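Written below as structure tokens is the structure these notes are about.
Just so you know, all these numbers are worked out from the coordinates, no wet-lab data involved. Bear in mind that the values here come from a model prediction, so they are computed numbers and not experimental data. So basically every Cβ, Gly included, is an ideal-geometry build from the backbone, and we count neighbours across all protein chains shown.
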Amino acid sequence: MRSLLRGPWELLKRLFGWLVLYELRNKLLLAPTARRLRRFEDAETARLARELAGELGRRPSARVATVIATHRRPEALLRAVRSALEQTVRDQVVLVVDDGAGLPELPADSRLFAVSLGRNTGVAGVVRNVGIRLTSSAYVAFLDDDNLWEPTHLQEALAVLEAPGGPDGVYTALRRLRPDGTELDVLSVPFDRRRAAHEAFLDTNAFVARRVPALRFSRLRRTPEVLPREDWELIRRYARRHRVIHLPRPTVRYLVNPGSFYTSWGD
């Protein structure tokens with residue numbers, strides 16, 4: 001039976017892309033997890049919005065909001081936060097969203113805010129969605145706690161986005177590093193939505209986008225083994241009605257991390 005199905009399956013993968021088919025499978029099998037997590041996300045967003053309003057009287061607001069998702073990596077988080085605050089673009093807010101594990105002491109900076117979810121979700125999309133929903137800005141950028149930006153990352157992305165006739169979203173190249181700090185490669189692939197159905201080259205650490213309703217991550221409970229990741233799903237779905245382009249300059253130092261909480265790295 002398996003050999004009989006292999007031919008049609010290979011044909012479907014060539015026609016639609018294996019990533020598209022895997023995501024369809026995810027939606028069918030994991031839909032109940034998304035419904036539960038949507039309720040949790042809504043409740044946490046409302047609770048944390050009240051906390052921030054008590055401190056500020058408003059949502060953190062700037063030209064660009066940077067959302068940093070974190071879970072139990074205090075030293076790496078501090079490095080990521082510094083790389084965000086050291087951007088040449090000063091008109092930004094940085095919101096750290098802790099996935100229910102607690103936060104270290106963070107730098108004193110009027111642009112930096114931090115919140116903790118009431119419990120651990122293990123779902124990066126939910127953590128990032130809370131950050132999006134708690135901020136107000138024209139553009140949104142994303143940085144995970146084990147990655148770093150070059151100082152001009154936001155400047156270069158915004159220069160493209162705000163140019164006359166510019167796109168709605170841009171992603172830069174990734175300089176991928178091994179845990180010992182040596183360079184693995186530079187991932188730089190021009191955007192092609194059809195190609196993205198067959199290849200997983202999209203990552204939100206490099207993505208800066210105009211804030212629109214479509215800028216919401218999948219809430220499916222994706223264990224580290226579930227492919228494709230929510231990064232791919234977000235950017236490809238966003239590009240359905242919004243123009244996305246690639247900037248081939250590496251502005252992200254991306255750690256290929258075997259100990260990642262959200263992603264499983266094989267050989």
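Calculate one ³J(HN,Hα) per residue across the range 161-177 by plugging θ = phi - 60° into the Karplus curve 6.51 cos²θ - 1.76 cosθ + 1.60, and present them in order as whole Hz with x for glycine and proline.
Values, residue by residue: 5, 9, 5, x, x, x, x, 8, x, 9, 10, 8, 6, 10, 8, 8, 10 Hz.
Can you give me the distance in nm between label points at residue 182 and residue 49, each placed 7 Å from the Cα along the Cα-to-Cβ direction?
Label-label distance for residue 182 and residue 49, simple model: 5.0 nm.
Under the Kirkwood approximation for Rh and a Cα-based Rg, what ratio Rg/Rh is obtained for the range 89-174? Walk me through the numbers before you get to the answer.
On the way: Rg = 14.3 Å, Rh = 14.6 Å.
Radius of gyration over Kirkwood radius for the range 89-174 works out to 0.98.
Note down the nm distance, to one decimal, between modelled labels 7 Å out along Cα→Cβ at residue 214 and at residue 63.
Taking the two extended label points, one gets 2.5 nm.
Relative to the longest principal axis of the C-alpha atoms of the chain, give the angle of the C-alpha long axis of helix 124-134, reported between 0 and 90° and rounded to the nearest 10°.
Computed tilt is about 40 degrees.
Taking the mean number of other Cβ atoms within 10 Å as a proxy for protection, how do you rank 48-59, 108-119, 82-93, 201-212 from highest to lowest?
201-212, 82-93, 108-119, 48-59
By how many degrees, between 0 and 90 and to the nearest 10, does the Cα long axis of helix 2-16 differ from the longest principal axis of the chain?
Helix 2-16 sits at roughly 50 degrees to that axis.
For the range 40-57 and the range 95-136, what is the centre-to-centre distance using only Cα atoms, to the nearest Å?
Computed from Cα coordinates, the inter-centre distance equals 11 Å.
With unit charges on the beta carbon (Lys/Arg positive, Asp/Glu negative), name the residue among 76, 155, 121 whose Cα is farthest towards the positive pole of the charge dipole of the chain.
121
In nm, give the distance between the simple-model label positions of residue 160 and residue 103, each being 7 Å from the Cα along the Cα-to-Cβ direction.
Between residue 160 and residue 103, the simple spin-label model gives 3.0 nm.
Would you mind checking the tilt of helix 74-85 against the longest principal axis of the Cα atoms of the chain, expressed as 0 to 90 degrees and rounded to 10?
The angle comes out at about 80 degrees.
Relative to the Cα centre, what is the charge dipole magnitude of the chain, using +1 at the beta carbon of each Lys and Arg, -1 at the beta carbon of each Asp and Glu, and rounding to the nearest 20 debye? Intermediate results must be reported in sequence, preceding the final value.
Numbers: 44 positive and 32 negative charges, 272 e Å.
With Lys and Arg at +1 and Asp and Glu at -1, about 1300 debye.
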